[in-house]
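Just below is one structure, and these are the notes that go with it.
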Amino acid sequence: MMQSNIRILVVDDELAQMRALCDTLGQRGYQTVGCGSGEEALRLMQAAELEAAARGAAGQRGRADEEGDGDDSGLRFQVLLSDLMMPGLDGIALVQAARAIDPDLACIIMTGEGSIGSAVQAMQVGALDYILKPFRVSAVLPVIARALETRKLRIMNAVLERRLREHAVQLVRINEELQVARQQADRANQAKSAFLSNMSHELRTPLNAILGFSQILASDQLPSSAAQKKQFAGNILQASRHLLRLINDILDLAKVESGALTLESEPVALSQVLQECRTLVDPLARLRGVELRLSVSDSASVTADRVRLKQVLINLLSNAIKYNRDHGTVSVHCTEVDRERLRVSVQDTGAGLNEAQLAAMFQPFNRLGQEAGTQEGTGLGLVMTRHLVEKMGGELGVVSTPGMGSTFWVALPGCLV
Ligand SMILES: Nc1ncnc2c1ncn2[C@@H]1O[C@H](COP(=O)(O)OP(=O)(O)OP(=O)(O)O)[C@@H](O)[C@H]1O
Ligand SMILES: [Mg+2]
């Protein structure tokens, strides 16, 4: 008979019977250990447990358990075969204490006729089976085989349950992630809808002006003087230009948002780019009598797309001029954020922005109360500017004091070389 690695602990206070059982089971290939009392059985189990733990068998046990074959590297017992009636710790108490040490232990109670009630009680505290004495070894073998099979199933069940619990936890997490993603998608959708409805409103306003003034000019019922005709034509021209700017800005923004815009990443000398921007915004500044002060070191260099950086700076400079007071100033500074980042600040002496205006900043078409003002604009400049800055790996921010002015800043990768 092949030696199996199943270890059986046989407990009986009738020592002759215990030994006979050990011998016969041993002959059937099982590894048996016998003892004469419940107390000794527990000591043996605890010793086996300690030894297994000391040899690091805990890890191996985990692996063995996954397959449910009960191979505990030959240290732990897989089966407890215990007499029911024993002085001291009886079979029921032993099963209870043994299962506290090893919940996977397959316990079988041997009981004399007439104590079936106690056998049932033993089953209730976790024994897998019982066998009535006296019995032949041939009768105990299938009981052991069945108990081992049940043990294996229980272990596999526990593994499955653990996996199920893990999967359930995973599912909950995935669900939470999905919910967050859906909320983000919903918000993006709402922002898109708001953008579209604002856009159609913004496009319709100049278009209606063009239509209205053209109708007056074309109408015979509404005669107008030459001076009026010139004024109407001027209105049409202004509305057309505005419409063209809107369409260009929207297309530009759509290009950036769709990711279709590819940006260069090159070292750009800041003071040089600022000089070029000055040339472009100077006419606007002169119109308002605004003084432009550039105090940026020649050594300041940022990593950016040159053309788009220029667009960003022109946007900020023209805002600082447009929303300044007459004869105000615009100052541009550059400071080091850290060794790898520079901050360019555009400071104006305009009316500044209050909390509510700052909170509504960067909303497409939102001109923060300038709709009725004298300064033209689409309300898309800052939205576009922020997109571009972020695409270049930077950050755009604003600090403002109502009545004093605002400072818009851009932080970009760069240094003072
Ligand atoms: N430096 C500033 N000082 C005060 N208010 C500002 C300043 N910059 C922007 N704003 C306010 O923020 C609004 C949005 O600015 P943004 O540049 O996006 O649009 P715009 O200037 O109105 O139009 P566009 O730039 O598209 O021609 C402006 O209408 C203005 O009310
Ligand atoms: Mg602007």
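The values are calculated or read from the model by the stated rules, or taken from the named source; none is laboratory data. These numbers were taken from a predicted model, which means no experiment stands behind them. Using ideal geometry, Cβ is built from the backbone for each residue, glycine included, and neighbour counts are taken over all protein chains shown.
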Inside the stretch 242-271, the number of residues satisfying the requirement of being closer than 20 Å to residue 320 by Cβ and among the polar types (S, T, N, Q) is 1
Every residue in the stretch 348-366 that is closer than 23 Å to residue 327 by Cα and either within 9 Å of ligand 1 (Cβ to nearest atom) or without any contact (Cβ under 8 Å) to a residue 40 or more places away in the chain (or both), please. 348, 350, 351, 352, 353
Please go through (1) modelled with pLDDT of 90 or more; (2) assigned to a helix (DSSP H, G or I) for residue 58 and return the number of the only condition it doesn't satisfy. (1)
With the requirement that a residue be more than 16 Å from residue 297 (Cβ to Cβ) and of a type in the set (S, T, N, Q), what does the stretch 310-342 give you? 311, 315, 318, 319, 324, 329
Which condition number does residue 344 fail, the rest of (1) surrounded by fewer than 20 Cβ atoms within 10 Å (Cβ to Cβ); (2) under 20 Å from residue 388 (Cβ atoms); (3) more than 16 Å from ligand 2 (Cβ to nearest atom) being met? (1)
All but one of (1) under 44 Å from the mean Cα position of the chain (by Cα); (2) assigned to a helix (DSSP H, G or I); (3) not hydrophobic (A, V, I, L, M, F, W, C) hold for residue 142; state the number of the condition that does not hold. (1)
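Conditions (1) in contact with a Leu (Cβ under 8 Å, 6 or more places away or on another chain); (2) polar (S, T, N, Q); (3) part of a loop (DSSP other than H, G, I, E, B), marked per residue:
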{"residue": "92", "(1), (2), (3)": "yes, no, no"}
{"residue": "100", "(1), (2), (3)": "no, no, no"}
{"residue": "111", "(1), (2), (3)": "yes, yes, no"}
{"residue": "131", "(1), (2), (3)": "no, no, no"}
Before we move on, is residue 339 at pLDDT below 95 and more than 16 Å from ligand 2 (Cβ to nearest atom)? yes
Selected residue (only one of 331, 301 is in a strand (DSSP E or B), touching a residue at least 12 places away in the same chain (Cβ under 8 Å) and under 17 Å from residue 406 (Cα atoms)): 331
Is it the case that the stretch 122-144 has a residue that's of a type in the set (S, T, N, Q) and buried (at least 19 other Cβ atoms within 10 Å of the Cβ)? no
Considering residues that are free of Cβ contacts under 8 Å to residues at least 24 places away in the same chain and either loosely packed, with under 14 Cβ neighbours inside 10 Å or more than 6 Å from ligand 1 (Cβ to nearest atom) (or both), the number found within the stretch 367-384 is 5
Tally the residues that are within 12 Å of ligand 2 (Cβ to nearest atom) and either of a type in the set (Val, Ile, Thr) or assigned to a helix (DSSP H, G or I) (or both), restricting the search to the stretch 358-385. 6
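Table: residues versus (1) surrounded by 14 or more Cβ atoms within 10 Å (Cβ to Cβ); (2) under 28 Å from residue 212 (Cα atoms); (3) modelled with pLDDT of 95 or more.
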position	(1), (2), (3)
226	no, yes, no
233	no, yes, yes
236	yes, yes, yes
243	yes, yes, yes
254	no, no, no
265	no, no, yes
283	no, no, no
301	yes, no, yes
309	yes, no, yes
